[in-house]
Amino acid sequence: MSALIVGAGPVGLTAGIELLRRDVPVRIVDRVDHPHPHSKSIVLWPRAIEAFARFGAADEILDRGLRLNAQNYYSGGRRKLRLGFDQVRGTSYPYAVSLPQQDTEDVLRGALRRFGGKIEFSVRLTALSQDADGVRAELATSDTTSTFGTPWLIGADGSRSTVREQLGVPFDGATYPQQFLLADGECDTPLAHDEAHYFMTPKGVLVVVGLPGGLYRVFVSVAPGVDTTDAREVIQAAATERSPVPVRLVGEQRTGLFQVQRRMAGRFREGRVLLAGDAAHIHSPAGAQGLNTGIEDASALAWRLARAGEGPAAAALDVWERERMHIAERVVTDTDRQTRMWMLSGWRRTARDLALAAGQRTGFTDRVVAPRQAQLDLTLPGRAERLGKLVAGARLPDHPLGSGGTLHDELSFGDPVLLILTAASGHPSAPERARRFLATARVPEGVRTAVIGPAEDPDGRLHKEFGIREPSTVLVRPDGVIDFLAPLSDEPRLTAALRSWSTGA
Ligand SMILES: Cc1cc2nc3c(=O)[nH]c(=O)nc-3n(C[C@H](O)[C@H](O)[C@H](O)COP(=O)(O)OP(=O)(O)OC[C@H]3O[C@@H](n4cnc5c(N)ncnc54)[C@H](O)[C@@H]3O)c2cc1C
């Protein structure tokens with residue numbers, strides 16, 4: 001079992017790390033001769049940081065990044081909504097992190113090296129073919145071409161993916177008419193540096209976000225046809241026009257011009273070739289979802305691929321495709337809605353502003369919108385079981401344990417974990433029952449077990465928070481998603497679920 005990863009952007013790197021730490025050899029190639037110096041993405045949401053924590057890279061991301069504690073939406077020169085991330089529950093990271101993409105990639109390259117991986121730069125995939133046994137990739141350097149055989153190929157080669165093109169997979173969608181310009185650098189403004197600010201005006205949007213080192217990103221939409229030759233000048237004029245407070249670019253700025261699209265690949269899997277990240281879906285940067293979603297694509301793929309090997313469990317990759325297409329559709333829809341929301345005029349603008357103010361007043365936006373944007377509430381399709389507040393197909397919330405660690409620390413080993421929640425209060429015999437269950441249950445190979453009882457949850461807060469009132473089992477996938485849950489008393493269901501897990505269904 002091994003894989004070729006085409007593209008050493010954030011998604012290819014995450015896939016590489018997650019495979020290497022499961023002892024799956026990988027070859028990673030990228031057509032450029034050195035890492036891209038440009039920053040596209042800056043915002044990392046809690047779910048991506050949790051993914052980085054599983055392979056030991058979160059601390060460096062936090063050290064190098066800037067914590068963003070809130071988002072503010074302004075219209076008509078006044079703030080209509082403040083989304084505070086401190087309301088986000090069930091994670092050790094109740095904030096977003098602002099870190100330029102090239103720095104995130106640098107941290108990921110460091111992690112890749114620690115797991116024994118290396119990137120082959122200046123190697124470009126030019127063509128591929130496959131049969132039931134494997135994939136043949138044509139790889140070119142500046143002076144050679146060669147054919148490389150691999151059991152699996154991951155196309156993490158960005159929005160203009162050659163892998164996708166070679167498969168003949170359509171990439172349907174649309175291009176937004178506006179252009180977007182950004183400037184990263186010093187900025188003289190009273191706007192809070194540790195928050196994001198969206199100024200929505202009929203002429204377009206202005207976004208101001210803090211960057212590490214006291215810098216800011218200033219991002220503006222520009223109407224079609226506007227001359228953007230002097231990007232800085234255009235950005236400064238738009239910022240002055242759209243913000244009620246000074247936003248003055250100071251000194252050297254790194255500027256960029258973007259045409260934004262929303263598109264999704266018609267399939268994410270074709271036999272032994274898988275598409276992840278921007279190769280599979282691209283969307284507007286509204287809500288900062290692209291890189292974050294790609295990281296999840298990669299971490300949800302790698303553990304399945306490592307299990308799939310050559311056996312029947314390869315069918316599990318179809319499940320991955322179904323799940324990730326569902327998530328991508330939601331992200332494309334959400335970001336499209338937000339992009340359109342930026343640009344409204346007339347009565348639609350008035351209605352939007354009223355809705356934002358009502359959302360703030362009722363607490364709806366803090367309760368619902370913030371976790372959605374933070375990607376914490378994504379639920380995978382085809383699942384319905386619930387136990388207390390836990391839902392199959394959703395992410396297992398994190399919670400502190402009595403030991404000083406957290407529940408998610410149990411997931412950092414890379415294996416699936418069968419959690420036994422003993423429901424401490426009112427069930428004095430529960431720990432004993434859990435031990436008996438573990439002694440007799442046929443826990444599949446490669447699944448670790450962990451008991452969360454009175455010793456781990458001394459004040460019972462975790463059980464209360466999760467709504468668990470009777471001894472229960474929760475099987476958590478290596479990407480932190482709840483695969484199934486059932487009370488310990490429901491032995492037939494539990495046995496069936498464990499059996500289907502061991503056959504990879
Ligand atoms: C202005 C802007 C702001 C953004 N802000 C955010 C944000 O705040 N948060 C967020 O989550 N997302 C954001 N995004 C989106 C984010 O940048 C992308 O989703 C992310 O880069 C996708 O990563 P990737 O690894 O899939 O692809 P890429 O980063 O595009 O990497 C693909 C790699 O594949 C290589 N490659 C391509 N073709 C070949 C080939 N034939 N052979 C070998 N190698 C190849 C390329 O050289 C490249 O290194 C933003 C995007 C833009 C444009």
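No lab work stands behind these numbers, since they all come straight from the coordinates. All figures in this text were calculated on a predicted structure; none of them were measured in a lab. Heads up, the Cβs are rebuilt from the backbone with ideal geometry, glycines too, and the neighbour counts pull from every protein chain shown.
Key figures for this structure:
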| item | result |
| --- | --- |
| Stretchable slack from Glu385 to Arg114, in nm (0.36 nm times residue separation minus alpha-carbon distance) | 93.7 nm |
| Dipole in debye (nearest 20) - the range 174-261, about Cα centre, beta carbon charges: Lys, Arg +1; Asp, Glu -1 | 200 debye |
| Sequence ranges 473-482, 486-495, 178-187, 289-298, ranked by mean other-Cβ count within 10 angstrom, highest first | 289-298, 473-482, 178-187, 486-495 |
| Karplus 3J(HN,Hα) series, Hz, for the range 394-410 with 6.51 cos²θ - 1.76 cosθ + 1.60 (x for Gly, Pro) | 9, 6, 6, x, 8, 7, x, 10, x, 5, x, x, 10, 4, 5, 4, 5 |
| Calculated [θ] (222 nm, deg cm²/dmol) that DSSP helices of n ≥ 4 give over the chain, each run adding -39,500 (n - 2.57) | -9500 deg cm²/dmol |
| Nearby lysines by direct alpha-carbon distance to Lys80 (threshold 30 angstrom, same-chain neighbours under 8 apart not counted) | Lys40, Lys203 |
| Ranked list, fewest to most other Cβ atoms within 10 Å of each Cβ, for Val447, Val205 | Val447, Val205 |
| Beta bridges by DSSP in the range 386-502, antiparallel share as percent, to the nearest 5 | 75 percent |
| Among Gly173, Leu411, Tyr73 the positive-end extreme of the charge dipole of the chain (Cβ point charges) | Tyr73 |
| For the chain, size of Cβ-based charge dipole, Lys and Arg +1, Asp and Glu -1, in debye | 1300 debye |
| Amide hydrogen neighbours beyond the local backbone of Ala127, cut-off 5 Å, H modeled | Glu138 |
| Ranked by how many other beta carbons lie within 10 Å on average, peptides 121-130, 20-29 from highest | 20-29, 121-130 |
| Placed amide H near Thr201: partners under 5 Å, 5+ positions off or other chain | Leu206 |
| For Thr147, net neighbour charge (Lys/Arg +1, Asp/Glu -1) across residues whose Cβ lies under 11 Å away | 0 |
| The chain - share of DSSP beta bridges that are antiparallel (%, nearest 5) | 75 percent |
| Order of His399, His281, His193 under a 10 Å beta carbon neighbour criterion, fewest first | His193, His399, His281 |
| Residue-wise HN-Hα coupling along the range 452-457, computed from phi with Karplus coefficients 6.51, -1.76, 1.60 (Hz; x: Gly, Pro) | 10, x, x, 5, 8, 10 |
| Cross-link reach list, lysines versus Lys464, counting only Cα pairs under 21 Å and skipping chain neighbours closer than eight places | Lys389 |
| Fewest-first sequence of Phe115, Phe199, Phe413 by Cβ atoms within 10 Å of each Cβ | Phe413, Phe115, Phe199 |
| For Val451, distant residues with modelled amide H under 5 Å away | Ile420 |
| Estimated vicinal HN-Hα couplings, Hz - the range 235-242 in sequence order (Karplus 6.51, -1.76, 1.60; Gly, Pro = x) | 5, 4, 5, 5, 5, 5, 6, 9 |
